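The structure appears below as C-alpha cells.
Each reported figure results from applying straightforward, stated rules to the coordinates on display, with no laboratory input. Bear in mind that the values here come from a model prediction, so they are computed numbers and not experimental data. Counting neighbours? That spans all protein chains shown, and the Cβs are built from the backbone with ideal geometry, glycine included.
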Amino acid sequence: MNRLVLFGLLFAAWLLALCLGLNSSLHAQVLQPAGANLTDQPAGTSPTGAMNWSAIPASTSEAPLIEVAPGYQPTNLTLEEAKPPAAEDPLKMSAKWNNGLEVQSADKQFRLHVGGRYQLDTGWFGTPLNVNQNINVPYGDGIDFRRARLRVDGTMFEFIDWAAEFDFVNSVRVRNQPITGVNPGFFDESVTAPTDLWVQFKDVPRFGKIRIGNQKEAIGFEHLVSSRFLPFMERSYNQDTFYGGVFNGFTPGIQVTRNWGADDLGVLQYGVFKPVNSVFAFNTGDGDYSVVARVTRLLQYCDEGRSLTHFGFSVRQATAVSQAGVAGRIQTFRTRDAVRTGLSQDWPVVNGINLFGDDMQWLNSEFVMVRGPWTLQSEYLFSFFNDARTALGDPLGNTIQYNGGYVQVLRYLTDDFDRYSKETGVFERVKPTHPFSRKGDCGWGAWQLGFRYNYLDLNDSGLNGGMAHNGTLGLNWFLNPNLKFQWNYMATYRDVDLVPAFAAGSGVVHGFGMRMAVDF
C-alpha cells in the first residue's frame, strides 16, 4: 500500500513537470513572427514544428524574451485619456489687440474688429474786424469734437470684407416751421451720419477688389488718406471745396481696386457713383452720376518704404446734384479754414459759391517723395463746370475753370518715417520706432515738424467765389500708434475783392489750434 502511494506521488510529480515544460514550449511558439521559415526554428523544435521534449528549458528563467516596438513607454492612462485628441473647431474664436479689439476664427475665414476715433480740437483766432463783419459766421475761439466715430469691420468666409462706421458729430441746418406773419428761421443741429458703409469682395479674377456701398471716390492722394493719419489738423482747401464738399467725402457706389505692374508697384482704381449733397448718403434726383479713375505708380521703392517716389493721376466726370421736385442741378464750391472750432455748420467759409449747371470734369495730379525722415507731398486740381450760372433762369452759362493745390514738407525729429501702403497707394498709420513709455527706457514716441502752403482760386468769368492763400506750421507728437497730439499755427490771406457780397472782407486771419486724437 505504501508502495502504491509512493508510486502515485511520483507519477503526479512527473505529470506536473511535463505540463510545465509543455506550457513554456507552446508560449515560445506563439511569439514566433508570422510567416517565419520553419526550417530556421530554434533548437528544441523539429522541422515540422513538433516539440522536442529533450530541449525543454530546465527553468522558466531560460524562457525566450518578448520584444516590444521601439519607443514604447508604459503608461497609466485610462482608455478615455488614451484616445487621440479631437480636431480643433475651425470656428473657434480668439481675441487680440490689433489697433482695437480683433477677434478671429482658427481657420482665419472670419474676423471682427471693433474700433473708432475721436478728436478733441481747441482753437484761438486773431481776425481783422472787416473780415468778421463780411463773412457768413465770424471766427471765434472755442472747442469741439472734430470727429467721434465708432467702427465695426471684418471678414467673413475669407473673401468678403465689410465695414460699418458712423460719425456722431456731423451737423445740419434745420428750417423752423413758419408762423403766420413771421419769417422762418434756422437752427443748427448735431446729427449722426454714415461714413464707411460697404461690402468688399477680394481676389476677384481680373478685378482684384470690388467694393459696394458708401465709400470715398478714388480721386486725390490726400483725400484717400484716413483722417486718423493726417499730418495737419485739416486737409488742404481742395478737400473741402471739391472732394469732400457738403457730403463729408463719402458717396454710394461701386469701385474696383487692384495692383498692376512689376512687383505690384502700381494701383488702379475706378468706379461709378451717385453724387450726393448731404451727409446722409442719398440721392433722389434723376440721371445724376459720377465716374472716377485713379492710377498711381511707384517710380522707386526701397528699404521697405524708407525711400520712395510716387506719382499719380486721377480724373472725374460727373453731373451736379439734382433733387426730386426741384428744378435744375446745383453744385456747391466752398471751403473752411485750416483751424476750426464749434459745430461744423458754424465754421466760417473762407471762399464759396453756389452755381447751377450741368456736368463737370476734374483733373488731379499727385506727387509724393519719402527720403527717410523727410516727406514731400503735393497735388494740384483743375475743375471745369459746364453751363454754370448763379440762377436757373439766367441765360445759357459758360464753362468755368476753378483750381487749387498744395505743397507740404515734413520731417521727423526721431528715427521714424511715413509708412506707405502699396495696396492702396497712400500713407497709412504712423508706428513710432520707440513708443512713449514711463518706464525709463528712453521711449518718447515720434515727433514730426511740417509746413504746408495751400492755394485756392474760385474766380472765373465773373462767377467769383474768392481766392485764398494759407500757410500752416505743424508739430505732431505720436505717443504710440493710437494716440497723438497736434499743434498748428496758420495764417490765411482771404481775398474776396471780386465777390460782391463780401468785397470788404479781405484780410489776414491768424489761428492756433491743438488736437488730441485717439484712434483704436
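A few comments on the model shown:
- Relative contact order [Cα under 8 Å, 6+ residues apart], region 372-418, whole percent: 54 percent
- When Cys442, Cys302 are sorted by how many other C-beta atoms sit within 10 angstrom of their C-beta, beginning with the fewest, the order is Cys442, Cys302.
- Cα-based convex hull volume of region 452-520 per residue, rounded to whole Å³: 112 Å³
- Distance between modelled label sites at Leu101 and Leu479, nm, 7 Å Cα→Cβ extension: 2.2 nm
- Neighbour net charge for Ala503 - beta-carbon separation under 11 angstrom, K R +1, D E -1: -2
- Residue separation of Ser307 and Phe187 scaled by 0.36 nm, minus their Cα-Cα distance, works out to 38.2 nm of gained length.
- Per residue Cα convex hull volume in Å³ - calculated over region 264-378: 158 Å³
- Label positions at Thr399 and Phe382, each projected 7 Å from the Cα along the C-beta direction, are separated by 1.1 nm.
- Alpha-carbon centroids, region 284-363 and region 414-489: separation in whole Å: 21 Å
- Debye log10 I(q)/I(0) at q = 0.10 Å⁻¹ for region 102-519, Cα point scatterers: -0.72
- Simple spin-label estimate for Leu91 and Ser365 in nanometres, 7 Å along Cα-Cβ: 5.5 nm
- Rounded to the nearest Hz, the phi-derived 3J(HN,Hα) couplings of region 205-221 under the Karplus curve 6.51 cos²θ - 1.76 cosθ + 1.60 (θ = phi - 60°) are x, 6, 10, x, 10, 10, 10, 10, x, 7, 7, 7, 5, 7, 9, x, 6, where x marks glycine and proline.
- Sequence-separation-based contact order of region 102-519, relative, with Cα cut under 8 Å and 6+ spacing, percent: 15 percent
- Between amide H atoms placed 1.01 Å from N, distances below 5 Å from His434 occur with Gly445, all of them 5 or more places distant or on a separate chain.
- Charge context of Gly397, other residues only, Cβ under 15 angstrom, K/R +1, D/E -1: -3
- Cross-link reach is defined here as a Cα-Cα straight distance under 28 Å, omitting same-chain residues fewer than 8 places apart; for Lys92 the lysines meeting it are Lys83, Lys108, Lys202, Lys209.
- Calculated over region 311-367, the projected area of the Cα convex hull averaged across directions stands at 5.9 nm².
- Filtered GluC sites (Glu not before Pro), region 365-430: DSSP coil and at most 16 other beta carbons within 10 Å: Glu423, Glu428
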